[in-house]
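Chemist: This is the structure I have questions about; it appears just below.
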Amino acid sequence: MAGDHKSPYRGFAIEFAQHREYSPGDDVRHLDWKVLGRTERYYIKQYEQETNYIAHILIDGSESMLYKGSSAEISKLEYAKSVAACLSYLVLHQRDSVSLTLFDEDIRQHLPRSDARNQLFRVLETLTGFEPEGETALPHVLHEMARRVQRKGIVIIISDFFDEESDVIEGIQHLRFAGHEVLGLQVLDNDEIEFPFTGLVEFEGLENLENFKTRPSEIKKTYLTEMEGFRERLRSGFERSECHFVTMDTSKPLDDALGGYLTFRKETG
Amino acid sequence: MPLLNTIMIWGTAAVAIPIIIHLMNRRRFRKVPWAAIRFLKISVERNQRRMKIEEWILLLLRCAIVALIAFALARPVSDLISGRWLASQTVAGVVIDHSGSMATATGVGGKTKLDTAREAATGILSGLPNGSATSVVSAADTPGEGVLEPTLDSSRADRAVEEIRQTYRTTDLLPAIDGAADAIENRAATRRELIIITDGQSAGWKQFDAIIRRLETAKTKARPVIVLVGEPGVEGDNLAVTRLAQNTPVAAIGQPLRLSVEVTNFGPLEADNVTVQLSVDGAEAGEPVDIGDIPPGESRAVTTFAALPGEGHHRIAATLPGGDSLPLDDTRVIVVRAVKRSRALLVDGEPGRVPSESETFFLHNALVPVPPDRAEDFYIAADVVTPSALPGTDLDDYDAIFLANVSELTRSSAQQIADFVGAGGGLAVFPGKNVNRSFYNVELHSELGLLPAGFGDAYPEDSNGPGLTLQAGGYDHPLVALWNDPGAGTLASARTRRALRLEIPKSETGGQTAPGTAKVVLRYNDGSPAVVEGEFGLGRVFQFSSSADTEWTDLPVRLGFLPLIHRVFGGVLQRKGGGLNVQVGSPFVRRFPSEFIQREAMVYAAGTAVSEGTLIKVQDLGGGAAGIEYANTDLAGTYEVSLTDPPEVISFATQMDPAESDPEPLSEPQLERLRSVADVVRWEGPGSLAAVLGNEGSGGSEIWLPLIVIAGLLALLELFLAQRFSRVK
């Protein structure tokens with residue numbers, strides 16, 4: 001991830017390291033004017049760290065994330081954990097900080113930010129030890145995070161976002177107001193996207209929701225329309241808040257989903 | 001709406017099947033845990049109403065299809081719809097009278113009434129709608145051959161009509177009508193016809209009231225039609241030999257056989273100078289016997305004689321010159337068994353000092369009523385022995401044994417006599433003062449079953465009173481039927497002072513005496529039995545109630561004693577070769593010793609070729625007896641039963657019921673009653689039935705075809721909708 005992201009603290013030096021001679025193409029804003037005035041020689045200031053990037057990773061640990069469809073090898077939660085692990089590795093690898101938060105109705109587990117080398121192991125340990133059990137309340141968690149997190153950074157939300165989308169967008173806007181960059185990674189099973197069911201099916205609601213007996217072919221179009229509308233409303237809500245929103249299909253390889261987004265981010269700076 | 005297959009209406013209960021399948025399907029949902037319930041809920045709620053309506057439409061269609069098929073299978077009939085493409089089945093039961101009277105010539109084209117009946121039946125069958133089922137049965141005294149179960153094969157029905165044979169049987173239409181009505185009543189059809197084709201001879205409607213009741217019952221489901229063939233009152237002359245009987249008790253070689261011949265004039269005009277020709281074994285026996293003039297409706301009987309050429313069975317026929325309207329009754333045949341000499345063994349229980357005091361004196365004189373010097377030539381021989389000599393006597397030499405006042409017998413002698421009778425011998429038992437009643441009742445009656453009755457108390461109590469006399473008339477038993485003719489004398493002149501009461505058990509179960517075979521031959525004037533007859537094995541037993549001498553009764557010195565004893569003896573001999581003459585239609589039964597069981601016999605019917613014989617086997621009749629029974633006696637005449645090992649030929653004859661010769665038609669009141677339960681039509685050629693058979697409504701049409709078509713269309717609609725509804729929405 002080194003050099004692939006923009007720091008929120010652009011233009012502020014963290015820790016001065018040394019001078020070096022100016023060469024054409026260097027940003028003139030980094031010229032040391034005092035040395036120029038004293039010696040009429042052009043020197044560029046160099047710093048110990050270019051940014052102080054902090055990634056706050058939020059994982060939806062509610063029961064709905066346990067769903068694993070017929071064509072998927074892992075559940076949505078396992079997929080989300082994998083995504084979080086990958087992102088943590090990349091962030092820590094460029095010596096940025098990572099914090100990890102697992103939530104359902106409320107924040108269940110929180111690993112404070114750190115750029116220490118063993119942070120990755122703590123992240124992985126937290127992820128593997130987590131077992132989902134409750135219902136989800138994403139908007140509440142987003143508001144809570146906006147209040148708690150002081151240091152600005154990028155907030156990465158990995159969830160299926162099966163919540164009232166307007167409330168979710170409010171939560172996102174709260175985070176944005178607090179100065180955070182927000183990235184929404186919606187993890188969906190292929191069954192939830194394609195709705196490939198046939199025959200007579202009784203859908204048993206996860207998170208204590210009611211059951212429905214139906215003939216899926218009779219409602220498929222309506223379902224797909226509703227689902228697409230939901231995703232579209234989320235996407236547009238994120239975009240209105242100048243945030244990114246990416247949908248991930250658990251039946252697709254992880255590198256496809258993450259690679260696509262990182263390439264996009266590199267291109268957009 | 002009438003249903004032809006009512007039971008199938010229960011099939012409409014099958015409408016429950018789609019409902020059950022629907023309900024069962026509701027329990028067969030595959031369970032899937034689901035997170036995105038929110039969108040599912042919206043989708044379901046939005047489509048719920050449409051899905052329910054679609055489900056109801058498909059369910060109703062499926063139920064309707066099942067109900068329509070079940071209803072169609074019940075074969076409903078409606079007269080609201082008509083069309084050639086709709087089934088309209090008629091079931092006809094045709095009963096054709098083929099009794100003896102149907103052989104009467106109609107005077108039209110040399111046809112008999114049966115020919116006309118066949119013509120009428122063929123016309124009726126050809127007039128039935130295509131696809132009709134028909135049963136054809138011949139009728140006489142029993143339902144004859146034919147096709148009882150209605151067949152859709154019209155050629156088979158036509159063939160059955162053609163194959164109906166003329167028989168000599170008597171007529172009783174009820175069994176055939178009953179059978180035909182049963183066959184069509186429960187047959188699914190839009191229209192049922194019960195057609196009875198007969199000559200309407202009064203004698204054929206013996207059970208007239210029962211037939212009326214049966215037709216009334218049949219009328220609720222079928223339409224009875226009686227088709228009368230032949231024109232009443234136009235029959236020509238008809239003389240019939242209505243009786244030919246052997247009057248001599250024993251048919252012996254060299255002895256004139258007395259025969260009684262009766263001829264009846266059933267024609268409308270007096271028959272002049274009627275003669276009848278006797279023949280023995282096909283050869284004319286003497287000149288024709290002149291009977292004289294016979295007024296219409298009257299009978300004349302003559303007695304004539306014939307000589308039998310040798311031992312064995314002989315065919316004796318009485319034949320009229322013929323040429324009248326019913327040839328079947330112009331000849332009557334009987335079979336008699338001639339014997340060379342018969343022997344009787346008289347066991348004397350009280351020999352006396354001189355022959356005239358002997359208990360068997362009168363019996364001997366009655367059996368051999370000739371001077372001693374001519375006794376050797378007489379056809380009956382009689383030997384007298386005492387009871388003590390019985391064990392040393394070879395009973396196989398005798399045809400009958402007479403026990404006269406025998407006190408009792410040793411057990412071995414009793415068994416010896418029982419074996420003798422069981423093998424076909426005869427036994428006559430006379431009581432007397434010496435008789436040990438306990439021996440007779442226990443050993444001979446109860447244990448052996450040899451005697452048909454037990455000996456009760458002696459009666460009348462006052463032996464000096466007027467005593468008992470034998471019945472003066474009303475002789476039912478053939479043995480004594482002779483005395484129904486006053487010219488033959490009387491038995492009533494004899495006075496019996498003492499007798500042992502004959503106690504006939506109500507039901508015999510022990511011994512070999514066939515249950516219920518005890519018959520009273522003769523009674524006293526007080527109604528008590530005087531002589532009782534019973535069967536034992538192959539033989540016959542006559543049990544008298546009074547003595548064989550004059551000690552208790554003066555019968556032995558009366559004129560009637562000789563013919564009575566002769567007839568008893570003759571009865572024993574007839575039993576040996578008995579049942580040789582039976583009425584047409586009745587079975588010929590012959591008993592044999594048990595070792596004959598499973599032996600084969602060929603029966604050749606009258607007038608048929610040797611190659612057309614019927615093979616039958618001697619059957620086990622139980623109780624150590626065996627016998628044959630041949631029931632196919634449709635034709636009058638002589639039949640031969642040929643046995644092998646040892647070779648033996650038995651002849652028997654069948655005679656037509658004289659009633660069949662009587663053309664007396666149903667009376668107008670009877671016809672009127674028939675018209676109340678059936679259409680009565682006289683056959684006057686093709687087309688004469690159209691007025692009856694053609695005018696009735698068709699009874700409606702079966703509508704199963706349109707129902708099935710509708711069910712098929714609904715099935716297609718269901719298929720289409722099911723496909724359409726199951727598309728992804």
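The values are calculated or read from the model by the stated rules, or taken from the named source; none is laboratory data. Since we're looking at a predicted model, the values are computed, not measured. Please note: Cβ atoms are built from the backbone with ideal geometry, for glycine as well, and neighbour counts cover all protein chains shown. These accessible areas exclude ligands, DNA and RNA; they are computed on the full protein's heavy atoms, side chains included. Shrake-Rupley method; radii C 1.70, N 1.55, O 1.52, S 1.80 Å.
Chemist: So what is the relative contact order for chain A, in percent, with contacts set as C-alpha pairs under 8 Å and at least six apart?
Modeler: Relative contact order here is 19 percent.
Chemist: Can you compute the charge dipole magnitude of chain B about its Cα centre, using +1 on each Lys and Arg Cβ and -1 on each Asp and Glu Cβ, nothing else charged? Give it in debye, rounded to the nearest 20.
Modeler: About 6360 debye.
Chemist: Cβ neighbours within 10 Å, averaged per peptide: list B:280-291, B:390-401, B:416-427 in order, most packed at the top.
Modeler: Top of the packing list down: B:416-427, B:390-401, B:280-291.
Chemist: Determine the dipole magnitude for chain A: charges of +1 sit on the beta-carbon of Lys and Arg, -1 on that of Asp and Glu, nothing else is charged, the reference point is the Cα centre, and the result goes in debye to the nearest 20.
Modeler: Rounded to the nearest 20 debye, it is 1560 debye.
Chemist: Rounded to the nearest percent, how much of the accessible area of chain B (1.4 Å probe, protein heavy atoms only) is carbon and sulfur?
Modeler: Using a 1.4 Å probe with all protein chains present, chain B comes out at 53 percent carbon and sulfur.
Chemist: Tell me, what ³J(HN,Hα) does each residue in segment A:114-124 have, in order and in whole Hz, if you take phi through Karplus 6.51 cos²θ - 1.76 cosθ + 1.60 with θ = phi - 60° and put x for Gly and Pro?
Modeler: 6, 10, 5, 5, 8, 4, 4, 5, 5, 4, 5
Chemist: Over all residues in A:192-203, what is the mean tally of Cβ atoms on other chains that come within 10 Å of each residue's Cβ?
Modeler: Counting other chains' Cβ atoms within 10 Å and averaging over A:192-203 gives 4.
Chemist: How charged is the neighbourhood of B:Pro658? Take every other residue with its Cβ under 11 Å from the Cβ of B:Pro658, and add Lys/Arg as +1 and Asp/Glu as -1.
Modeler: Counting the neighbours of B:Pro658, the net charge comes to -3.
Chemist: Return the long-range amide H neighbours of B:Ala381 (sequence gap of 5 or more, or a different chain), with a cut-off of under 5 Å between placed amide H atoms.
Modeler: Sorted by chain and number, the residues that satisfy this are B:Ser342, B:Arg343, B:Ala344.
Chemist: Also, quick follow-up: Once amide H atoms are placed 1.01 Å from N in the peptide plane, what residues at a sequence separation of 5 or more from B:Gln583, or on another chain, have their amide H within under 5 Å of its amide H?
Modeler: Result for B:Gln583 returns B:Gln655.
Chemist: I've got another one for you. Using a 1.4 Å probe and counting only protein heavy atoms, how much accessible surface gets buried when A and B come together, both sides summed, in Å² to the nearest 100?
Modeler: That pair of chains buries around 3100 Å² in total.
Chemist: Can you give me the solvent accessible area of A:Lys252 with a 1.4 Å probe, rounded to the nearest 10 Å²?
Modeler: 110
Chemist: Beyond 42 Å, how much of the Cα-Cα pair distribution for chain B remains, as a whole percent?
Modeler: Within chain B, distances greater than 42 Å cover 50 percent of Cα pairs.
Chemist: Turning to a different aspect of this structure: Of the candidates A:Glu210, A:Glu73, A:Glu181, which one comes out as most mobile in a Gaussian network treatment of chain A with C-alpha springs shorter than 10 Å?
Modeler: A:Glu210
Chemist: Going toward the positive end of the dipole of the protein assembly as shown, with +1 on Lys and Arg Cβ and -1 on Asp and Glu Cβ, which of B:Val77, B:Phe542, B:Thr331 do you reach last?
Modeler: The listed residue farthest towards the positive side: B:Val77.
Chemist: Same structure again: Run the reach check for A:Lys252 against lysines, Cα to Cα strictly under 26 Å, same-chain hits fewer than 8 apart removed. What comes back?
Modeler: The qualifying lysines are A:Lys68, A:Lys76, A:Lys81, A:Lys220, A:Lys221, A:Lys266, B:Lys31.
Chemist: Not counting ligands, DNA or RNA, and with a 1.4 Å probe, what is A:Cys243's accessible surface area in Å² rounded to the nearest 10?
Modeler: Answer for A:Cys243: close to 10 Å² accessible.
Chemist: Of A:Pro132, A:Tyr42, A:Ser251, which is farthest towards the positive pole of chain A's charge dipole, taken about the Cα centre with +1 and -1 on the beta-carbons of Lys, Arg and Asp, Glu respectively?
Modeler: Looking along the dipole axis, the top candidate is A:Tyr42.
Chemist: Shifting gears a bit: About the Cα centre of the protein assembly as shown, how large is the charge dipole given +1 on each Lys and Arg Cβ and -1 on each Asp and Glu Cβ? Please answer in debye to the nearest 20.
Modeler: For this selection, approximately 4680 debye.
Chemist: Here's a follow-up. Using alpha-carbon pairs under 8 Å, 6+ residues apart, how would you state the relative contact order of chain B in percent?
Modeler: Relative contact order here is 15 percent.
Chemist: Could you tell me the center-to-center distance, by alpha carbons, between segment B:7-32 and segment B:380-419 in angstrom?
Modeler: For segment B:7-32 versus segment B:380-419, the Cα centre distance is 87 Å.
Chemist: Here's a follow-up. In whole Hz, with x marking every Gly and Pro, tabulate ³J(HN,Hα) for segment B:113-119 from phi via Karplus 6.51 cos²θ - 1.76 cosθ + 1.60, θ = phi - 60°.
Modeler: So the Karplus estimates, Gly and Pro as x, are 5, 5, 4, 5, 5, 4, 4 Hz.
Chemist: Counting helices only, and only those DSSP H runs with n ≥ 4, report the 222 nm mean residue ellipticity of chain B as the sum of -39,500 (n - 2.57) divided by its residues, in deg cm²/dmol to the nearest 500.
Modeler: -7500 deg cm²/dmol
Chemist: For the protein assembly as shown, just the Cα set please: Rg and Dmax, both in angstrom.
Modeler: Answer for the protein assembly as shown, Rg first and Dmax second: 59.3, 202 Å.
Chemist: Tilt of helix B:704-725 relative to the longest C-alpha principal axis of chain B, in degrees (0 to 90, nearest 10)?
Modeler: 40
Chemist: Hey, another quick one. Give, ordered by residue number, each residue of segment B:708-729 whose 1.4 Å probe accessible area is reduced by a minimum of 30 Å² on adding the remaining protein chains to the chain alone.
Modeler: So the qualifying set is B:Val728, B:Lys729.
Chemist: Still on this structure: Identify all lysines with a Cα-Cα distance to A:Lys45 below 20 Å; exclude those on the same chain that are fewer than 8 residues away in sequence.
Modeler: Partners within reach: A:Lys6, A:Lys34.
Chemist: Continuing with the same structure: Under a GNM of chain A (C-alpha, springs under 10 Å), which listed residue has the highest mean-square fluctuation: A:Thr101, A:Thr198, A:Thr247?
Modeler: Among A:Thr101, A:Thr198, A:Thr247, the largest GNM mean-square fluctuation belongs to A:Thr198.
Chemist: Looking at B:Pro309, B:Ser358, B:Ala283, which one has the Cα that reaches farthest to the positive end of the dipole of segment B:259-417 (charges on Cβ: Lys, Arg +1; Asp, Glu -1)?
Modeler: Of the options given, the answer is B:Ser358.
Chemist: Give me, ordered by chain and number, the residues 5 or more places off B:Glu145 or on other chains with an amide H under 5 Å from its own placed amide H.
Modeler: B:Ser138
Chemist: Quick one: compute the contact order of segment A:61-160, relative version, from alpha carbon pairs under 8 angstrom and 6+ residues apart, as a percent.
Modeler: Relative CO of segment A:61-160 lands at 33 percent.
Chemist: I want to verify a result. In a Gaussian network model of chain A, Cα cutoff 10 Å, which of these has the top mean-square fluctuation: A:Glu135, A:Glu105, A:Glu232?
Modeler: Among A:Glu135, A:Glu105, A:Glu232, the largest GNM mean-square fluctuation belongs to A:Glu232.
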